[in-house]
Amino acid sequence: MNKMTKSDKGAAYDVMKVRADFPILAREVHGKPLVYLDSAASAQKPQQVIDAISRAYGHEYANVHRGAYYLSETATAAYEAAREKVRRFINAPSLKEVVFTKGATEAINLVAATWGRTFVKAGDEIVITSVEHHSNIVPWQLLRDATGCVLRIAAVARDGSIDIEEFAKVIGPKTKLVAVAHVSNVLGTVLPVREIAALSHEAGAKLLLDGCQGIVHEYVDVQDLDCDFYAFSGHKLYGPTGIGVLWAREALLEAMPPYQGGGDMIDSVTFAKTTWAPPPAKFEAGTPPIVQAIGLGVAIDYLNTLDRAAVAAHESALLRYAMTSLAQVPGIRLIGTAPGKAAVQSFVMEGAHPHDLATVLDRSGVCVRAGHHCAQPLMEILGVTATTRASFALYNTMAEVDALIAALRKAQEVLL
Ligand code: PMP
């Protein structure tokens, strides 16, 4: 351990106890202890979630909303109980407002394809920011191509912070929707979403928050945030893949046409005319991701057993330590240093391509993400083709930050 080392012991938050819940963290990679610093891409799963998935398939599995037999009723109750867990977790006023999707990407596409194609007309404006993930850019470009609406981009300062006065200049009477990340997956910036909500609503626009990273690092109360749509993915929240959530105000869901047609989303079907089930069923055509939803519910149960304020403090401490430690490595430049940011840190190393760097770090057991992070427009603005990104979760330790730094120093010897 070098002199920067901070202790993982003695803190109020027992990270070692939390780590013990995540079996994968005990494994080795290339003969080295796994140091998993890519939770912003997808988080690891606690045993409780893994067990719940196994139990659901092994003992409680049947299709939902259909069978009049015990197992189907049990599976339906478990699926709908997961919806209630999500509702409580985000403080949604009604269960009708919680739509299960396969992920945030599908949730945003759903809004663009249904609300967008119904309510957005040629000349209307949609405001996004320059830090958005492709999944909060491309659906709006598809909508632009279909409707002739205009996409306006609110700029973010070089350190990754957002100047709300500059943001306000992009919103105007033609703005129909503001669609922004709650937290940037590249820079870690926590966007000033309450101010953005006020500006959006003053202009008569709706606000969609891409909460993929936000819900992991922040308390989310959709009523307090005063947004109109909130989208997130289960797999970044310690739950399974293949499940996500679109929260939307009930009146909006009522007014939106269905996204896909099929079983479960109908009230009645004749060849002449079909009527829709009320939300959320209206937006859940076909057999849903039953076990994935149950797994997400258990991930939420797991988070609820932890002191989330202590988790947030732990992640902030990891980030501060990582930022200080990285800044001391010669040739490393931090990308994204906005005040109050979340525990996601991009950086570049002079003379080393991020992909090569990530490959060399992997030999030390350190998993980081390298690339454009599905944010190519932001890379262009930052003047880089790619960055390396370390992202920190509730199970990471100060010792793992040290392992990252040691691996980076070793990588410099190999690459430079
Ligand atoms: N938005 C943000 C901010 C993200 O970080 C991600 C995942 N990297 C997404 C959207 C897309 O999420 P998913 O691929 O799970 O649909």
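See the values below:
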| read-out | value |
| --- | --- |
| Residue in the stretch 202-218 that is open to solvent by 40 Å² or more (accessible area, probe 1.4 Å), within 13 Å of the ligand (Cβ to nearest atom) and assigned by TED's automatic domain parsing to the domain that holds Pro289 present | yes |
| Test result for Asp226, modelled with pLDDT of 95 or more, on the phi > 0 side of the Ramachandran plot and more than 16 Å from the ligand (Cβ to nearest atom) | yes |
| Only one of Met398, Met349, Met323 that is over 26 Å from Ser135 (Cβ atoms) and touching an Asp or Glu at 6+ places or on another chain (Cβ under 8 Å) | Met398 |
| Residue tally, condition of a type in the set (Val, Ile, Thr) and within 16 Å of the ligand (Cβ to nearest atom), over the stretch 343-380 | 2 |
| Verdict on Asp124 being more than 22 Å from the chain's Cα centre (by Cα), more than 16 Å from the ligand (Cβ to nearest atom), surrounded by 18 or more Cβ atoms within 10 Å (Cβ to Cβ) and acidic (Asp, Glu) | yes |
| Top-ranked residue in the stretch 134-152 [being away from the ligand (no atom under 16 Å from the Cβ) and either of a type in the set (Lys, Arg) or in a helix (DSSP H, G or I) (or both); ranked as nearest to Ala375 (Cα to Cα)] | Arg152 |
| Which numbered condition Arg66 fails, given (1) in contact with a helix residue (DSSP H, G or I) (Cβ under 9 Å, 6 or more places away or on another chain); (2) in a helix (DSSP H, G or I); (3) farther than 25 Å from Trp247 by Cβ | (2) |
| Selected residue [in contact (Cβ under 8 Å) with a residue 60 or more places away in the chain, in the same structural domain as Ile215 (by TED's automatic domain parsing) and surrounded by fewer than 21 Cβ atoms within 10 Å (Cβ to Cβ)] from Ala81, Ala104 | Ala81 |
| Index of the failed condition, Glu166 passing every other in (1) of a type outside the set (Val, Ile, Thr); (2) open to solvent by 60 Å² or more (accessible area, probe 1.4 Å); (3) under 21 Å from the mean Cα position of the chain (by Cα) | (3) |
| Where a residue in the stretch 115-129 is assigned to a strand (DSSP E or B) and its partner, wherever it lies, is among the aromatic types (Phe, Trp, Tyr), with Cβ under 9 Å and at least six apart | Ile126/Trp140; Val127/Phe167; Ile128/Trp140; Thr129/Phe167 |
| Test: residue in the stretch 154-162 that is in the same structural domain as Leu253 (by TED's automatic domain parsing), touching a helix residue (DSSP H, G or I) at 6+ places or on another chain (Cβ under 7 Å) and at pLDDT 95 or above | yes |
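The values are calculated or read from the model by the stated rules, or taken from the named source; none is laboratory data. Everything numeric in this text was worked out from a predicted model, so none of it was measured. Cβ atoms come from the backbone with ideal geometry, glycine included; neighbour counts cover every protein chain shown. Just so you know, the surface numbers come from the protein's heavy atoms only, side chains and all, with ligands and any DNA or RNA stripped out. Shrake-Rupley method; radii C 1.70, N 1.55, O 1.52, S 1.80 Å.
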